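Participant: What follows is a single structure, and I will ask about it in a moment.
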Amino acid sequence: MEMRFVWQHLYLVGVACVFTTIIGLVLGATAYIFKFVRPTILWVVDIMQTIPVLALLGIIMIAFGATSTTVIIGIVLYSLLPVVRNTYTGLENIDPGIKEAAKGMGMTKLQRLFRVELPLSFPIVFTGIRIAVVTSIGTAVFGAVVGGGGLGSTISRAILIQDMTTLMQATLTLMAMAIIFDFGMGYVEKRLNAR
Amino acid sequence: MVSVFLENENDAIDREELYMIVYENVSKKYNDVTVVDNLSLTINDGEFVVLIGPSGCGKTTTLKLINKLIKMDEGTISIDDKNIMNIDAVELRRKIGYVIQQIGLFPNMTIEENISVVPKLLKWSKEKCHQRVCELLELVNMPYEENAKKYPNELSGGQQQRIGVLRALAGEPPIILMDEPFGALDPITRENLQDELKVLQKKLHKTIIFVTHDMDEAVNMADKIVFMSKGKVLQVASPEEMLNKPADPIISNFLGKLSFSPNGNDLTCADVMKKKVLIVPETKKTLECVALMKKRELNSAVVVDVNDKFKGAVTIENIREHGKPGEMISKILDTQIETVMITTNAKEAFDKLIETKADYLVVLDRDKTVAGIITGSSMTKALASVVWGEEN
Amino acid sequence: MSILGFLDKYGDKLIKAIGVHLQYVFISVTIGLVIALILGILLSRVPKISKIVIPIIGVFQTIPGLVFIGVLFIYLGMKPITVIIALSIYAIFPILKNTYTGIVNVDESLKEAARGCGMSNVQILFKIELPLAMGAIFSGVRMSTIYTVSWAVLAAMIGLGGLGEFVYRGIDTNNKVLIIGGALPAAILAIILGLFIDFIQNRITPRGLKGGK
């Protein structure tokens with residue numbers, strides 16, 4: 001098994017998750033602030049996850065070709081749900097008293113969002129990001145089909161040439177990756193919640 | 001498993017049994033902590049027994065030993081001379097009603113289904129189950145048509161616990177265990193349910209074992225109070241006796257030195273009575289009167305004449321049994337009600353309440369208008385106010 | 001190529017592919033559901049063991065479906081049973097986890113009330129625990145179904161049909177029409193099945209378990 005694919009995999013997941021987090025936060029905050037787009041945003045994000053990954057990747061491929069861009073966009077679309085939903089819920093569930101107090105201090109809506117509400121809801125947003133990262137590691141496997149590389153390629157090739165050793169190595173690496181991220185970020189999460 | 005209980009099942013139900021519950025040297029330990037310590041206690045048939053004590057005294061454990069939700073380590077408990085160890089736990093529980101503080105109505109079942117859980121387990125026929133549900137709902141003034149098809153989350157807390165009590169009564173068990181059943185309810189609902197339960201118990205002649213940590217409640221309800229501390233029984237006595245002669249400093253402490261102190265002698269009925277009373281003119285029609293009572297969750301009302309002078313009282317049962325729709329309540333009102341004057345000394349009033357075994361006394365002003373009523377719980381409240389000072 | 005043109009050319013194949021796809025999904029989810037319910041119920045009886053077993057299951061869930069299909073393909077060869085077994089295993093996880101959590105999360109006081117009423121353990125399971133866990137079980141089934149629709153696309157990887165056939169061939173030959181022709185129906189299928197399960201759940205949930213609680 002070539003290490004190159006592991007790094008490639010991590011690269012795909014890493015880049016995708018940065019975008020997922022940014023877009024997820026924006027969409028979540030938008031859903032929170034603008035009531036009229038809320039159902040649409042939450043519905044679309046939910047539907048995204050319903051669409052089979054391969055189908056989604058195939059469609060994106062039409063526009064972006066067999067590149068890592070396609071895979072990254074696919075992963076982002078596929079893992080938005082937890083970040084958007086948690087951002088929205090996190091903001092929604094902030095103690096009304098605190099919101100009131102911030103308002104009382106003369107903060108504008110945006111100031112309140114950035115200085116008070118988002119920081120307060122960060123722990124729950126972080127949970128969303130953790131779920132997104134772990135999902136992404138699995139989703140990225142499909143990247144191989146549309147030429148994006150990563151451990152998916154290793155696995156596909158191993159299946160093709162019936163190479164059990166490599167298949168197992170790649171699988172275990174993936175599992176290890178998922179578990180390490182899950183536990184590592186879970187640990188941070190606990191620390192965040194303890195504050 | 002063939003049990004003694006099962007073999008005698010038929011006589012157990014048909015015969016007029018004395019369902020005496022006897023604890024003999026019962027102990028229960030959790031790890032190294034003794035929760036019930038060599039406890040012996042006899043509970044007579046038809047008795048309303050309240051187990052009370054500070055938290056962790058073992059009262060709930062003592063209760064749950066009876067229906068084997070908790071298994072004892074040592075000693076025996078027998079019901080009607082049969083050792084419960086020889087009775088299959090599931091069979092035993094179907095013959096003992098059980099009400100808990102969290103109410104525990106099954107949210108996936110309608111009220112009717114909730115009430116008929118035990119009858120169904122006992123394999124009653126459909127018609128019999130249905131009839132039983134109607135009859136029980138009637139008992140707490142919750143009409144079948146309005147309530148049977150509702151789900152628990154569609155009822156108020158007080159109504160839910162009424163159904164909780166009905167569910168326990170449904171299988172016609174001779175014994176009912178209640179673990180702080182009204183603990184989670186607001187004070188007014190709580191008092192209403194206490195009154196209703198007391199009436200039900202007298203009517204149905206059930207043995208009730210009731211756990212609470214609230215002395216008000218204990219005094220209000222109990223025939224016999226069992227005071228526990230650290231797994232042991234400190235005193236078994238009637239409410240009056242326990243208030244008058246607490247057998248142990250722990251009890252007097254718990255009562256907050258609740259015995260009749262000299263201060264108490266200065267109180268008059270005006271200080272201790274409940275002022276919130278449903279007063280209706282005797283010219284009111286029966287149905288109107290029932291509607292008013294329901295709205296206030298009361299089962300009785302004080303009746304006055306056109307000049308607001310006291311005439312008597314009506315209860316909802318009274319109206320149901322003797323009243324006709326459209327009739328004035330003056331025709332069915334009970335005039336044999338014990339009364340006291342507002343200036344009467346509170347202790348005298350309490351003595352009268354205890355002596356006459358009335359549920360309440362009507363307090364009258366000098367001009368014979370109704371000022372309030374005194375019940376068992378007014379009594380404890382009065383005592384509390386002596387100890388802790390007036391709330392206002 | 002217009003939609004009509006596409007349908008004209010591939011209509012029969014598409015319908016057949018949807019049929020095969022649905023078969024995979026239906027059979028695997030059914031098998032997965034039965035196994036998951038049994039295991040979930042058994043696990044809920046032994047909380048001590050489950051505390052260890054459930055996280056392990058979570059770890060296995062991180063294995064990509066691709067690997068399952070791949071490994072089984074190597075051992076069993078190119079047969080539909082390969083796909084069915086792989087998908088069934090995948091379908092088990094979410095339902096199992098939710099069945100277990102659903103049962104374990106039933107309020108202790110309700111179980112005590114049921115015991116106090118004289119219900120046997122089996123009666124408590126069927127009358128109280130399972131009905132109350134139904135919501136969680138349903139969302140598990142929903143997840144499994146949607147995953148399975150997704151994973152079933154992979155069946156085409158080992159040449160066993162389904163909508164993946166279109167997607168794969170499209171990707172291989174860079175034929176956009178074929179990709180969309182497979183991807184869109186698969187997406188719609190997943191959405192419709194999701195909605196269908198929601199609908200059934202809504203129908204069989206008693207009123208008392210709906211709404212704010």
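The values are calculated or read from the model by the stated rules, or taken from the named source; none is laboratory data. This one's a predicted model, so the numbers in the text were calculated from it and none came from an experiment. Virtual Cβ from ideal backbone geometry, glycine too; neighbours counted across all protein chains shown.
Participant: Residue check: is B:R167 assigned to a helix (DSSP H, G or I), in contact (Cβ under 8 Å) with a residue 40 or more places away in the chain and assigned by TED's automatic domain parsing to the domain that holds B:N44? Full working, then the answer.
Facilitator: Details: assigned to a helix (DSSP H, G or I): yes; in contact (Cβ under 8 Å) with a residue 40 or more places away in the chain: yes; assigned by TED's automatic domain parsing to the domain that holds B:N44: yes.
In short, yes.
Participant: Okay, next question. With the checklist (1) on the phi < 0 side of the Ramachandran plot; (2) more than 9 Å from chain C (Cβ to nearest Cβ) in hand, flag the one item A:L151 doesn't pass.
Facilitator: Among (1) on the phi < 0 side of the Ramachandran plot; (2) more than 9 Å from chain C (Cβ to nearest Cβ), A:L151 violates only (2).
Participant: Also: Every residue in region A:155-169 that is more than 26 Å from A:I62 (Cβ to Cβ) and more than 8 Å from every other protein chain (Cβ to nearest Cβ), please.
Facilitator: A:I161, A:D163, A:T165, A:T166, A:M168, A:Q169
Participant: Being buried (at least 17 other Cβ atoms within 10 Å of the Cβ), away from chain C (no Cβ under 13 Å) and of a type outside the set (D, E, K, R) narrows it down to one of A:F126, A:F142, so name that one.
Facilitator: Exactly one residue qualifies, and that residue is A:F126.
Participant: Kindly list the number of the only condition in (1) more than 14 Å from chain C (Cβ to nearest Cβ); (2) touching a residue at least 60 places away in the same chain (Cβ under 8 Å); (3) within 24 Å of the chain's Cα centre (by Cα) that fails for B:T60.
Facilitator: Only one criterion in (1) more than 14 Å from chain C (Cβ to nearest Cβ); (2) touching a residue at least 60 places away in the same chain (Cβ under 8 Å); (3) within 24 Å of the chain's Cα centre (by Cα) is unmet by B:T60, namely (1).
Participant: Restricting attention to region C:109-152, which residues are within 14 Å of chain B (Cβ to nearest Cβ), among the charged types (D, E, K, R) and in contact (Cβ under 8 Å) with a residue 40 or more places away in the chain? Spell out how you get there, then give the answer.
Facilitator: Here is the first cut: in region C:109-152, the residues within 14 Å of chain B (Cβ to nearest Cβ) are C:109-138.
Subsequent filtering for residues that are among the charged types (D, E, K, R) retains C:111-112, C:115, C:127, C:129.
Answer for region C:109-152, where residues must be within 14 Å of chain B (Cβ to nearest Cβ), among the charged types (D, E, K, R) and in contact (Cβ under 8 Å) with a residue 40 or more places away in the chain: just C:E129.
Participant: Right, here's the next one. Could you pull out the residue among B:E145, B:E172 that is outside any loop (DSSP other than H, G, I, E, B) and either among the acidic types (D, E) or modelled with pLDDT of 95 or more (or both)?
Facilitator: Values: B:E172 fails: outside any loop (DSSP other than H, G, I, E, B).
Result: B:E145 is the single residue among B:E145, B:E172 that is outside any loop (DSSP other than H, G, I, E, B) and either among the acidic types (D, E) or modelled with pLDDT of 95 or more (or both).
Participant: Where residues in region B:187-232 are over 12 Å from the mean Cα position of the chain (by Cα), modelled with pLDDT of 90 or more and crowded, with 23+ Cβ neighbours inside 10 Å, which of them is nearest to B:L39 (Cα to Cα)?
Facilitator: B:G231
Participant: Identify, by number, the condition in (1) within 14 Å of chain C (Cβ to nearest Cβ); (2) in contact (Cβ under 8 Å) with a residue 12 or more places away in the chain; (3) surrounded by fewer than 17 Cβ atoms within 10 Å (Cβ to Cβ) that A:E92 doesn't meet.
Facilitator: Tallying (1) within 14 Å of chain C (Cβ to nearest Cβ); (2) in contact (Cβ under 8 Å) with a residue 12 or more places away in the chain; (3) surrounded by fewer than 17 Cβ atoms within 10 Å (Cβ to Cβ), A:E92 fails exactly one: (1).
Participant: In addition: Just to check your reading of the model, which residue among B:L155, B:L121, B:L139 is more than 14 Å from chain C (Cβ to nearest Cβ) and not polar (S, T, N, Q)?
Facilitator: Of the residues listed, the single one that is more than 14 Å from chain C (Cβ to nearest Cβ) and not polar (S, T, N, Q) is B:L139.
Participant: Any residue that is in the same structural domain as B:D80 (by TED's automatic domain parsing), of a type in the set (A, V, I, L, M, F, W, C), within 17 Å of C:A113 (Cα to Cα) and under 18 Å from the mean Cα position of the chain (by Cα) - is there at least one of those in region B:145-164?
Facilitator: Scanning region B:145-164 turns up at least one residue that is in the same structural domain as B:D80 (by TED's automatic domain parsing), of a type in the set (A, V, I, L, M, F, W, C), within 17 Å of C:A113 (Cα to Cα) and under 18 Å from the mean Cα position of the chain (by Cα).
Participant: So A:A132 clears everything in (1) more than 22 Å from A:E2 (Cα to Cα); (2) touching a residue at least 24 places away in the same chain (Cβ under 8 Å); (3) surrounded by fewer than 18 Cβ atoms within 10 Å (Cβ to Cβ) except one condition, right? Which one?
Facilitator: The single condition A:A132 does not satisfy is (3).
Participant: Take A:I62 and decide whether it is touching a Lys or Arg at 6+ places or on another chain (Cβ under 6 Å) and within 30 Å of C:A155 (Cα to Cα).
Facilitator: When the stated conditions are applied, A:I62 passes them.
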